[in-house]
Amino acid sequence: MVLQPEEWVRQHCVQYLMHEKKYPKSLINVEKELKVNNLRKRYDIVIYNTDGSIHLIVECKSYKIAINQNTFDQIARYNLELNATYLMVTNGINHYYCAMDFKEERYQFLRDIPAYSKS
């Protein structure tokens, strides 16, 4: 089986999150369906907190696709349903990280996402 470019990015991102950022495999969920404005969508990667809330959503694109405002709009729409604290967008080459500010209804770009913490 040959991995499609987006799947290659997704699998490498999961490995990065587990090995570099130390997120437990048990808190990582890959490619599940969600409803956004009554439309069926699929997220790429979600990392849960131990209380079941969502810590991070990751949107993976093929390395052939440039990340642009549409990509951020897509993950922001997903986050209206999921309420994740952090957002990550990657095409395997470029990676962008954001922290949500729910009070101001916006996101703030970060240099990186935090590593796993049990707190």
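We did not get these values from a lab; they are worked out from the coordinates using the rules stated. The structure presented is a predicted model; accordingly, all values stated were derived computationally and were not measured. For neighbour counting, all protein chains shown are included, and Cβ atoms are generated from backbone atoms with ideal geometry for every residue, glycine included.
Could you compute the net charge surrounding LEU34? Neighbours are other residues with a C-beta less than 13 Å from the C-beta of LEU34; K and R count +1, D and E count -1.
+1
Obtain the nm distance between the two label points defined at ASP73 and ASN49 by a simple spin-label model: each point lies 7 Å from its Cα along the Cα-to-C-beta direction.
3.0 nm
Binning every alpha carbon pair distance of the chain at 10 Å from zero, what are the percents per bin?
Cα pair-distance distribution for the chain, in percent: 13, 48, 34, 5, 0.
Does anything in region 44-65 have its amide N under 11 Å from the 7 Å Cα→Cβ label point of SER26, and if so which residues?
Answer for region 44-65: 50.
Over the chain, what is the relative contact order in percent, taking alpha-carbon pairs closer than 8 angstrom and at least six residues apart?
Relative contact order comes out at 22 percent.
Considering only DSSP states other than H, G, I, E and B, which GluC sites (Glu not before Pro) in region 19-119 qualify as loop sites with at most 12 other Cβ atoms within 10 Å?
GLU20, GLU104, GLU105
Which chymotrypsin sites (Phe, Trp or Tyr not before Pro) in region 19-119 sit in a loop by DSSP (not H, G, I, E or B) and have at most 11 other Cβ atoms within 10 Å of their own Cβ?
Here the chymotrypsin sites (Phe, Trp or Tyr not before Pro) that fit, given the DSSP loop and packing criteria, are PHE102.
May I ask you to compute the full-extension gain from LEU34 to PHE102, defined as 0.36 nm times their residue separation minus their alpha-carbon distance, rounded to one decimal in nm?
22.5 nm
Roughly speaking, what is the stretch gain from MET18 to LEU80, that is 0.36 nm per residue apart minus the C-alpha to C-alpha distance, in nm to one decimal?
19.8 nm
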